[in-house]
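Take a look at the structure below.
The values are calculated or read from the model by the stated rules, or taken from the named source; none is laboratory data. This structure is a prediction, so every number in the text was calculated from the model and none was measured. Every residue, glycine among them, receives a Cβ derived from its backbone with ideal geometry; neighbour counts consider all protein chains shown. All accessible areas refer to the heavy atoms of the entire protein, side chains included, with ligands and DNA or RNA removed. Shrake-Rupley method; radii C 1.70, N 1.55, O 1.52, S 1.80 Å.
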Amino acid sequence: QVQLIESGGGLVQAGGSLRLSCSASGGIVKDYNMRWFRQAPGKEREFVATIAWGITNYANSVKGRFTISRDDAKNMVYLQMNGLKPEDTAVYYCAADRQPILQTSTDGVDNWGKGTLVTVSS
């Protein structure tokens with residue numbers, strides 16, 4: 001079981017940037033699909049981005065604005081978020097799994113962090 005801890009959330013104005021970090025222990029990030037999901041109030045958890053085996057995949061809603069990256073030496077995963085919009089407001093979760101790389105659902109995703117809140121004001 002991989003333990004994941006997110007950090008870097010906060011309050012930012014629309015158009016601003018934030019970088020989320022995910023620290024992993026009990027497992028090596030390059031051995032897993034590492035993903036970011038988010039959950040807005042009253043909505044279901046939704047896919048944001050994946051990085052695995054040199055492949056990255058993004059939700060259409062964040063493509064061109066968000067960048068997922070991985071630092072194998074530090075066993076960390078990051079989500080750089082630029083051009084933030086009020087609709088990006090959500091709790092952001094880091095996740096690790098060995099499901100199909102291009103999967104965007106939460107099915108079988110069995111390692112989750114507790115989340116970090118991102119609030120984008122208009």
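Go through the range 108-121 and give me each residue that's open to solvent by 70 Å² or more (accessible area, probe 1.4 Å) and modelled with pLDDT under 95. I'd like the intermediate steps shown before the answer.
As a first pass, look at the range 108-121 and keep what is open to solvent by 70 Å² or more (accessible area, probe 1.4 Å): 110, 112, 114, 117.
The answer is Asp110, and nothing else.
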- Residues in the range 43-84 that are open to solvent by less than 10 Å² (accessible area, probe 1.4 Å) and either at pLDDT below 95 or over 21 Å from Gly16 (Cα atoms) (or both): how many? 2
- Task: Please work out if Ala40 is open to solvent by less than 20 Å² (accessible area, probe 1.4 Å), modelled with pLDDT of 95 or more and among the hydrophobic types (A, V, I, L, M, F, W, C).
- Result: no
- Message: If I filter the range 27-37 for residues that are over 20 Å from Gly108 (Cβ atoms) and more than 11 Å from the chain's Cα centre (by Cα), do I get at least one hit?
- Response: no
- Task: Return only the number of the condition from (1) modelled with pLDDT of 95 or more; (2) at negative phi; (3) exposed (fewer than 13 other Cβ atoms within 10 Å of the Cβ) that Ser23 does not satisfy.
- Result: (3)
- Message: Between a residue in the range 99-110 that is touching a residue at least 24 places away in the same chain (Cβ under 8 Å) and any residue that is of a type in the set (Asp, Glu) and open to solvent by 40 Å² or more (accessible area, probe 1.4 Å), which pairs come within a Cβ distance under 8 Å, given they are 6 or more apart or on different chains?
- Response: Gln99/Asp107
- Looking at (1) touching a residue at least 60 places away in the same chain (Cβ under 8 Å); (2) in contact with a helix residue (DSSP H, G or I) (Cβ under 9 Å, 6 or more places away or on another chain), find the lone condition where Trp53 falls short. (1)
- Note on the structure: The lone condition Gln13 fails out of (1) open to solvent by less than 40 Å² (accessible area, probe 1.4 Å); (2) at pLDDT 95 or above; (3) over 14 Å from the mean Cα position of the chain (by Cα) is (1)
